[in-house]
Amino acid sequence: MTRPKVVVTRRWPQEIEERLATTFDVTLNETDRPYGKGELIAALQEADAVLPTVSDRLGAELFANGVRAKILGNYGVGYNHIDVVAAKAAGIVVTNTPAVLTDATADLAMTLLLMCARRASEGERELRSGKWTGWRPTHLCGTQVTGKTIGIIGMGRIGQAMARRCHHGFGMEVAFYDSQPVSVPGVPARQLPMVEDVLAAADFVSLHCPGGGENVHLINERRLGCMKQSAFLINTARGDIVEENALIDALERGIIAGAGLDVFEAEPVIPPALTGREDVVLLPHLGSATSETRIAMGMRVISNLTAFFEGRTPPDAVN
Ligand code: DGY
């Protein structure tokens, strides 16, 4: 039997690439540079399956002229970079990798929260540049985390993992917004009716809703204005949830105290107005970046592909 032809758009952990090659006829992107539109179209027209990542933009125009691919096995949980409706219309099943990156992403959100509160990036920059003159009582005093209020927007798996860390690890009060009624096992979390209510109540706001659609610019000038002046915004979800210019303006005008960002509107392009600021912590989209998680994500893609080519419904189909 001929093996399904699979294009992988970026390099994956070696053991997963090897595992994939035991079952499929695999083409790897040896350069590991993001494919351009032409390369993605070619992949869709030549392969039975394309395995993209968040660095690939798969808009409706890519499916417009007919495709051979029948499945897009996205390496990641978020899929707002794929027009899943257009993919479906073109006869393509889209799958993602939920659950396996929950803890890694919540860990990174907590990292950003702590780094913002304790001015960790500022301190490290000062030390590495040789400007540290030694201990003094007024040096780089940050904000206490223990006992403060975390506001979570989007109480799915990652939001709940963040709530557990904040409550059990740091004795924080948890307030949250979700469009559906949610209870968080083991955490006394207060679900509030409006995003604005959570923003107003929180000392730290952490975003855990999907990107795209109605969540584009959910955090805009007006909503930033609802936050406490002493509060920090943490984003490990998707860059398009935050209107970046409005955030820069809010930081500039002291509307909020700072931000910890792992995702950006036009990543990997970061506005100099952000990189030049001391009151932001900026990471290069590292939410799921642990070896264990990246392997688990690959395994999840493989089980989706295997199910699909065996004629079963892939466990993580999203369209
Ligand atoms: C995810 O899984 O959504 C990560 O952000 C990488 O795409």
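The values are calculated or read from the model by the stated rules, or taken from the named source; none is laboratory data. Because the structure is predicted, anything quoted here is derived from the model rather than measured. Cβ: placed from backbone, ideal geometry, glycine included. Neighbour counts: every protein chain shown. What goes into the accessible areas is simple: the full protein's heavy atoms, side chains included, and nothing from ligands, DNA or RNA. Shrake-Rupley method; radii C 1.70, N 1.55, O 1.52, S 1.80 Å.
Some notes on this structure:
- Unmet requirement for Asp103, which otherwise passes all of (1) within 16 Å of the ligand (Cβ to nearest atom); (2) surrounded by fewer than 18 Cβ atoms within 10 Å (Cβ to Cβ); (3) of a type in the set (Asp, Glu): (2)
- Among the conditions (1) more than 20 Å from the chain's Cα centre (by Cα); (2) surrounded by fewer than 24 Cβ atoms within 10 Å (Cβ to Cβ); (3) over 21 Å from Arg164 (Cα atoms), Arg190 misses just one, which is (3).
- Scanning segment 193-226 for residues that are under 17 Å from the mean Cα position of the chain (by Cα) and outside any loop (DSSP other than H, G, I, E, B) yields Val205, Ser206, Leu207, Gly213, Glu214, Asn215, Ile219.
- Residue that is outside the structural domain of Asn215 (by TED's automatic domain parsing), part of a helix (DSSP H, G or I) and crowded, with 19+ Cβ neighbours inside 10 Å, where the choices are Leu72, Leu44: Leu44
- Pairs linking a residue in segment 279-291 that is farther than 15 Å from Ala104 by Cα and away from the ligand (no atom under 12 Å from the Cβ) to a residue that is of a type in the set (S, T, N, Q) and open to solvent by less than 30 Å² (accessible area, probe 1.4 Å), with Cβ atoms under 6 Å and 6 or more positions apart or on different chains, are Val281/Ser121.
- Note on segment 226-240: residues that are more than 21 Å from Asp103 (Cβ to Cβ), buried (at least 16 other Cβ atoms within 10 Å of the Cβ) and either of a type in the set (A, V, I, L, M) or free of Cβ contacts under 8 Å to residues at least 60 places away in the same chain (or both) amount to 6.
- Counting only helices (runs of 4 or more DSSP H) wholly contained in segment 84-163, the ones carrying 3 or more residues that are in the same structural domain as Gly186 (by TED's automatic domain parsing) and out of contact with any Ser or Thr (no Cβ under 6 Å at 6 or more places or on another chain) occupy 102-117, 120-128.
- Subset of segment 202-218 [out of contact with any Asp or Glu (no Cβ under 6 Å at 6 or more places or on another chain) and either of a type in the set (S, T, N, Q) or closer than 16 Å to Ala266 by Cβ (or both)]: Ser206, Gly212, Asn215
- Selected residue (only one of Ala43, Ala60 is closer than 24 Å to Phe264 by Cβ and more than 16 Å from the ligand (Cβ to nearest atom)): Ala60
- Pairs meeting the criteria (first residue in segment 76-102 and of a type in the set (Ser, Thr, Tyr), second residue part of a helix (DSSP H, G or I) and open to solvent by less than 10 Å² (accessible area, probe 1.4 Å), beta carbons under 6 Å, at least 6 apart or on different chains) are Thr95/Asn304; Thr97/Met297; Thr102/Ala161.
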